[in-house]
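Q: Once you've had a glance at the structure underneath, I'll fire off some questions.
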Amino acid sequence: MRYFTIFIDGEPPAEVANKFWVEIARYDVNFLILAGECIIFGEATEDVINELLEKSKQFGYAVVLERG
């Protein structure tokens, strides 16, 4: 398990963000929506981190992953 943070440089519409949250909630990670930015963070395996990263790219915004 590793700590990670995924920064998404954009804010999807509320309906899209809610569907995304339902999809990733099973991974027991955190998802924050701030003004113009989303952040996914927590502790997960490499496979889960990579899956979350790929799902995050589907928004069409710039995505940055930091591993702890």
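Q: So, in the stretch 52-68, of the ones that are of a type outside the set (A, V, I, L, M, F, W, C) and touching a residue at least 12 places away in the same chain (Cβ under 8 Å), which residue ends up farthest from residue 9 (Cα to Cα)?
A: 68
Q: Another question about this same structure. Kindly evaluate residue 44 against the criterion of being surrounded by fewer than 16 Cβ atoms within 10 Å (Cβ to Cβ) and of a type in the set (A, V, I, L, M).
A: No.
Q: Look at residue 24 and say whether it is surrounded by 17 or more Cβ atoms within 10 Å (Cβ to Cβ), at pLDDT below 95 and not charged (D, E, K, R).
A: Yes; evaluated as a whole, the condition is true for this residue.
Q: Out of the strands (runs of 3 or more DSSP E) lying entirely within the chain, which hold 3 or more residues that are out of contact with any helix residue (DSSP H, G or I) (no Cβ under 8 Å at 6 or more places or on another chain)?
A: Output list reads 2-8, 30-34, 37-44.
The values are calculated or read from the model by the stated rules, or taken from the named source; none is laboratory data. All figures in this text were calculated on a predicted structure; none of them were measured in a lab. Every residue, glycine as well, gets a Cβ built from its backbone with ideal geometry; the counts of neighbours run over all protein chains shown.
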